Each structure stands twice: as C-alpha cells, then as structure tokens.
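Everything below concerns the one structure shown next.
The values are calculated or read from the model by the stated rules, or taken from the named source; none is laboratory data. Since the structure is predicted, the reported quantities are computational estimates derived from the model, not experimental observations. Quick reminder, even Gly has a Cβ in these numbers, built from the backbone with ideal geometry, and neighbours come from all protein chains shown. Ligands, DNA and RNA are stripped out before the accessible areas are found, and what is left, the full protein with its side chains, is counted by its heavy atoms. Shrake-Rupley method; radii C 1.70, N 1.55, O 1.52, S 1.80 Å.
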Amino acid sequence: MRIMLLPAFLLLSCAASAAEAAPHRELISDIGSERATSGNGNKIVTFDGKTHIVWQDSIDGGYFARARTLDRSSGKWSPFYTLGKGKDNHARPTIAVDSRGFLHVIIGGHHSGLQYRRSARPNDASEWTPAEVFGRTTYPLLICGPDDTLYLAGRHDAGWKGMDFYAKPPGEKW
C-alpha cells in the first residue's frame, strides 16, 4: 500500500499566488501495511514549525512502526525512523506531543504488550528512549493533558470485555 500525505497547512496557507497554493503530495512509504494509518489515535502532530507523522510499514511479513518529520519552514522531510516492531497489522502507532515538545508514541498491542517510546529531544523524531512494554490493550488512543499527563484508552485485550484506561504523569512509568 502506498501512503500519501497531503499536508493540510499547504492547502490552508495564505499564498501570494495560485501557483504557491498548489497542493504538494509527498510519498511517505510505498510499503505501508494494509492498515498503515487506520484505527484509533493521532497519526499526525504539529509543534513549533514541525509536523511529525507515524504509520506502519510491512516488510517481509513483519510490521514496523515508523516516524518522519516535516520541517515546515524549509519544506524538507526527514528520513524515516523505525520505532519498533509489532506483532501484526494491529500494532499501528499513535502519537502525542507534550507542552515541551517531546513526542510520545504508543505502538499498539494485539495480544501482546504495548510499547511506549518518547523522543530523546523535544520536537525531534530522530532518536527515542528504549521501549517500555506495559499493558495489553488493543487499538490504543493516546492524548496528552495540559499538565503533560499522558492518557491512554483502548479495547481490553482479553476479548470484548470492555475498555482499559491508563494515566502516566510526567516522569513516571506506565
């Protein structure tokens, strides 16, 4: 599956001419899994002039969470960074950004533990903390509160027995 991103800011920008307003399409991946960006959770966040995206690629039957960054001032894309391997195509990543610009990613479980990673530096997807494995929720949804507490909800992994909810205050483990 080919994953194309049409940045909304290019469509919504106030351009001096019609030529400048023409949408630009960027091929993000030509090996995206069949569910690369579907499901719950944010796949795109913007902070201080950079837009960060996450998706899932499929390589030789393996599923890998990936990230890339668009520097909106230069229009240049970073290379992609691999964040982790999922058990199957349900392990799609979800991303949030906190008030300081740190990126937070959950790589979804599916009868396996969730993987949490945080960017090593604010507003920079090039390096990440080691994966912290916890919980067994499927289809996670991650958001960041105004005090930088991370909140995660997802379907309970042991069948259809309800929802799981997690909260992670800044600096603590899940």
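The table that follows gives values for the structure above.
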| read-out | value |
| --- | --- |
| Restricting region 90-142 to residues that are open to solvent by 20 Å² or more (accessible area, probe 1.4 Å), among the polar types (S, T, N, Q) and more than 14 Å from Leu152 (Cα to Cα), the residue that is farthest from the chain's Cα centre (by Cα) | Ser112 |
| Given (1) out of contact with any Ser or Thr (no Cβ under 8 Å at 6 or more places or on another chain); (2) surrounded by fewer than 14 Cβ atoms within 10 Å (Cβ to Cβ); (3) free of Cβ contacts under 8 Å to residues at least 24 places away in the same chain, number of the condition Gly145 does not satisfy | (2) |
| All positions within region 85-104 that are more than 12 Å from Ser119 (Cα to Cα) and either among the charged types (D, E, K, R) or modelled with pLDDT of 90 or more (or both) | Lys85, Lys87, Asp88, Arg92, Pro93, Thr94, Ser99 |
| Qualifying residue in region 14-37 (condition: within 24 Å of Ser99 (Cα to Cα) and either among the aliphatic types (A, V, I, L, M) or modelled with pLDDT of 60 or more (or both)) | no |
| Close pairs (9 angstrom Cβ cut-off, 6 or more residues apart or separate chains): surrounded by fewer than 16 Cβ atoms within 10 Å (Cβ to Cβ) in region 47-69, assigned to a strand (DSSP E or B) anywhere | Gly49/Asp71; Gly62/Lys85; Gly62/Gly86 |
